[in-house]
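Have a look at the structure below, then the notes.
The values are calculated or read from the model by the stated rules, or taken from the named source; none is laboratory data. This is a predicted model, so every value here is computed, not measured. Reconstructed Cβ throughout: ideal geometry from the backbone, glycine too, with neighbour counts over all protein chains shown.
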Amino acid sequence: MLLNKKKIINIVLILGFCLVTEPSQVSAENDVADSKQYLLGTGDMVRIQVYDEQDLYLETRVSDTGTISYPFLGELAVKGISLAKLEALITSRLKGDYLINPKVSIDMIEYRQFYVNGEIESAGGFPYQPGLTVRKAISIAGGFKERASKDKIYIIHDDSTTSEAIKVTLDHAVRPGDIITVEQSFF
């Protein structure tokens, strides 16, 4: 009888431990899933590797036309697709004609730039970093000028079909290719 109680206590402790650790694991998995769902665009740089195939290793930047040139496969249209979809595309195109069972791995090396202009110290393009907010982007660009309005900040998302500027706060998320404009304050 005593052994059964010990087993029950151990099971309860193990289940409790699993419940405590599960949310952080889910969060970490979601972060990985989010990076795999990132959509490629002009200026992004990727690394493509095929296990045991040195000739198929490539580090390349997405061209202005949204393509990359890959050995044996030629020009591939990659703008607007995720890393996971590109991985599947290259795997399917290599399988059969070139390799029996290719193991393709694709990583982001460098995201495309975001841009900041208006009433900030150093207007221009800057390397994107995951987790970037408008506040951080303005800091990277040297901060606000004296006459900058902290309430009149606009952003045009790179993937916007209308290219319409939307008003944002300092805590708004910035994506690669976005254009941030800080207006002047009149008072």
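Criterion first (under 22 Å from the mean Cα position of the chain (by Cα), in a loop (DSSP other than H, G, I, E, B) and not assigned by TED's automatic domain parsing to the domain that holds LEU56) does GLY142 satisfy it?
On the way: under 22 Å from the mean Cα position of the chain (by Cα): no; in a loop (DSSP other than H, G, I, E, B): yes; not assigned by TED's automatic domain parsing to the domain that holds LEU56: yes.
So GLY142 does not fit the description; no.
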Query raised in the report: So which pairs qualify, if the first residue must be in the stretch 87-104 and closer than 14 Å to ILE68 by Cβ, the second must be charged (D, E, K, R), the Cβ gap must be under 9 Å, and the two must be at least 6 apart or on different chains?
Result: GLU87/LYS36; VAL104/GLU87
Query raised in the report: How about the stretch 131-143: which of its residues are closer than 23 Å to ILE81 by Cα and surrounded by 13 or more Cβ atoms within 10 Å (Cβ to Cβ)?
Result: LEU132
Query raised in the report: If you check ASP44, ASP64, which single one turns out to be within 20 Å of ARG175 (Cα to Cα) and surrounded by 17 or more Cβ atoms within 10 Å (Cβ to Cβ)?
Result: ASP44
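Would you pick out the residues in the stretch 155-179 that are farther than 23 Å from LEU40 by Cα and in a strand (DSSP E or B)?
Of the residues in the stretch 155-179, the ones farther than 23 Å from LEU40 by Cα are 167-171.
Within the stretch 155-179, LYS167, VAL168 meet the criteria.
With the requirement that a residue be of a type in the set (Asp, Glu) and farther than 12 Å from LEU40 by Cβ, what does the stretch 58-106 give you?
Within the stretch 58-106, GLU59, ASP64, GLU75, ASP97 qualify.
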Query raised in the report: For the stretch 77-112, which residues satisfy the criterion of being loosely packed, with under 15 Cβ neighbours inside 10 Å and either part of a strand (DSSP E or B) or in the same structural domain as TYR154 (by TED's automatic domain parsing) (or both)?
Result: ALA77, LYS95, SER105, ASP107, ILE109
Query raised in the report: Looking at this structure, is GLU183 over 21 Å from the mean Cα position of the chain (by Cα) and in contact (Cβ under 8 Å) with a residue 24 or more places away in the chain?
Result: yes
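Those residues that are of a type in the set (D, E, K, R) and within 23 Å of GLY66 (Cβ to Cβ), I need them from the stretch 149-187; list them, please.
ASP158, ASP159, GLU164, ARG175, ASP178
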